[in-house]
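**Student:** What follows is a structure written as structure tokens; I'll ask about it next.
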Amino acid sequence: MVEIPNNNLMKDGVSIIVCCYNSAIRLPDTIKHLANQKVAPKIPWEVIIVDNNSTDNTAYVAVEEWKKYDVNAELRVVEQNIAGLSAAREKGIEYSAYNILIFCDDDNWLDSAYVNESYNILSQHTQIAAVGGNNIGVYEETPPAWLKYFEHSYAIGNQAENELQLLGGYRYLVGAGMAFKKDAYNAIKRLNYKFYLTDRIGNKVVGGGDVELCFIFKLAGYQIAASNKLKLHHYMPAGRISKKYLINMWHQYSYSWMVFEGYKACLNKNSNNLFMNKAYWQKIAIEKLFDKFTILPRFLYHRIKNNVVYFLPHEADILYALFLFKHANRVVDVIHELQEKEVNE
């Protein structure tokens, strides 16, 4: 059955968006946890599976697994032929029926209260556009000792210490488990905010689209928050917990970090015209590179030893500094474009 986008007025309730690419093996556990949601009868909800060019039987498995459970919620499958997580999430938003949306990755196992708590928090706080929680890692194999230093790169770890805390400054939410208001999302789209970043596309394992969404919400005057009442388990296959995978991920951070500089400059109310100068950003890049000379012998030692805890953050900084120096004019362009949006609000 071909699903038709929901173009009606948004209804009160929760739409869970699960983006999938060859997810047949991972979906049974994910769907089991969705089916085990304890949702108040007053809250209508649904699950949207976005099949993003899968070559396995992802859609079939999703439908058949859902049939195993007696759930008072609909599961729908929609197709997105444009590759990539951002395109898949956009398709899920387009087809969603309800005002509160939850990004649930195909390897996220939501705690049974996740839908209920997300609805309560966002319904009760008008200025909060998005909320996230604490993500607990579940591993196919015992994780190596170095992983604890890089958990955030895998969307694992605590984002909240309290039942509800606002995330000010440059703090943001990871996309896994992010719940947000569709009307707030539509508002920033009407303001013509342009997303510079994507999320995963094929072998490109890092994007930053979730961070960018949080920054745009803040620029548009919304708040974001985190709650320790929201919990999920994030399943990690052995293939992702490798130094090769981690290094590849960190080596792709440069463009995202450069774009984040533009957002941070606009979020910084004390910013000045220096940020609009290409030479300013090139100076920042040169200073970063000179700082690395002081630790060069130690860096090389740990690089030879393949000690990622020490060398990888420095190596990523070096790559970023080189990228920033070469593309400093792009930071200025981003700041200028964002400032134009603020003026027009």
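**Student:** Inspect all residues belonging to the stretch 144-163 and state whether any of them is more than 20 Å from Tyr263 (Cβ to Cβ), in the same structural domain as Ile25 (by TED's automatic domain parsing) and of a type in the set (Lys, Arg).
**Tutor:** Yes: the stretch 144-163 contains one or more residues that are more than 20 Å from Tyr263 (Cβ to Cβ), in the same structural domain as Ile25 (by TED's automatic domain parsing) and of a type in the set (Lys, Arg).
**Student:** Sort through Gly175, Gly168, Gly207 and tell me the only one that's farther than 23 Å from Ile93 by Cα and of a type in the set (Gly, Ala, Ser).
**Tutor:** So the residue among Gly175, Gly168, Gly207 that is farther than 23 Å from Ile93 by Cα and of a type in the set (Gly, Ala, Ser) is Gly168.
**Student:** Let me ask something else about it. Using beta carbons and a limit of 6 Å, which pairs, at least six apart or on different chains, have the first residue in the stretch 85-109 and over 13 Å from Asp51 (Cα atoms) and the second one in a strand (DSSP E or B) and among the aromatic types (Phe, Trp, Tyr)?
**Tutor:** Taking only residues 6 or more apart or on different chains, the pairs are Leu101/Phe180; Asp107/Tyr235.
**Student:** Go through the residues of the stretch 58-67 one by one and say whether even a single one is more than 19 Å from Leu34 (Cβ to Cβ), assigned to a helix (DSSP H, G or I), free of Cβ contacts under 8 Å to residues at least 24 places away in the same chain and among the acidic types (Asp, Glu).
**Tutor:** Checked against the condition, which is being more than 19 Å from Leu34 (Cβ to Cβ), assigned to a helix (DSSP H, G or I), free of Cβ contacts under 8 Å to residues at least 24 places away in the same chain and among the acidic types (Asp, Glu), the stretch 58-67 yields no hits at all.
**Student:** Would you confirm whether any residue within the stretch 114-121 is of a type outside the set (Asp, Glu), modelled with pLDDT of 95 or more and not in a helix (DSSP H, G or I)?
**Tutor:** no
**Student:** Still on this structure: Would you mention how many residues in the stretch 94-115 are under 17 Å from Asp12 (Cα atoms), polar (S, T, N, Q) and surrounded by fewer than 18 Cβ atoms within 10 Å (Cβ to Cβ)?
**Tutor:** Final tally of qualifying residues: 0.
**Student:** Right, something else. Suppose we keep only residues that are in contact (Cβ under 8 Å) with a residue 12 or more places away in the chain and assigned to a helix (DSSP H, G or I) within the stretch 122-133. Which one would you say is surrounded by the most Cβ atoms within 10 Å (Cβ to Cβ)?
**Tutor:** Looking at the filtered set, the residue picked out is Leu122.
**Student:** Does Gly157 fit the bill of being free of Cβ contacts under 8 Å to residues at least 24 places away in the same chain, surrounded by 15 or more Cβ atoms within 10 Å (Cβ to Cβ) and closer than 30 Å to Lys243 by Cα?
**Tutor:** So Gly157 passes the test.
**Student:** Just give me the residues in the stretch 69-88 being part of a loop (DSSP other than H, G, I, E, B), more than 27 Å from Asn36 (Cα to Cα) and small (Gly, Ala, Ser), in sequence order.
**Tutor:** Ala83, Gly84
**Student:** Within the stretch 279-331, take every residue that is among the small types (Gly, Ala, Ser) and crowded, with 17+ Cβ neighbours inside 10 Å and give me the one that is nearest to the chain's Cα centre (by Cα).
**Tutor:** Ranking the qualifying residues of the stretch 279-331, first place goes to Ala316.
The values are calculated or read from the model by the stated rules, or taken from the named source; none is laboratory data. Because the structure is a prediction, the values reported are computed rather than measured. Here Cβ is always computed from backbone atoms with ideal geometry, including for glycine, and neighbour counts include all displayed protein chains.
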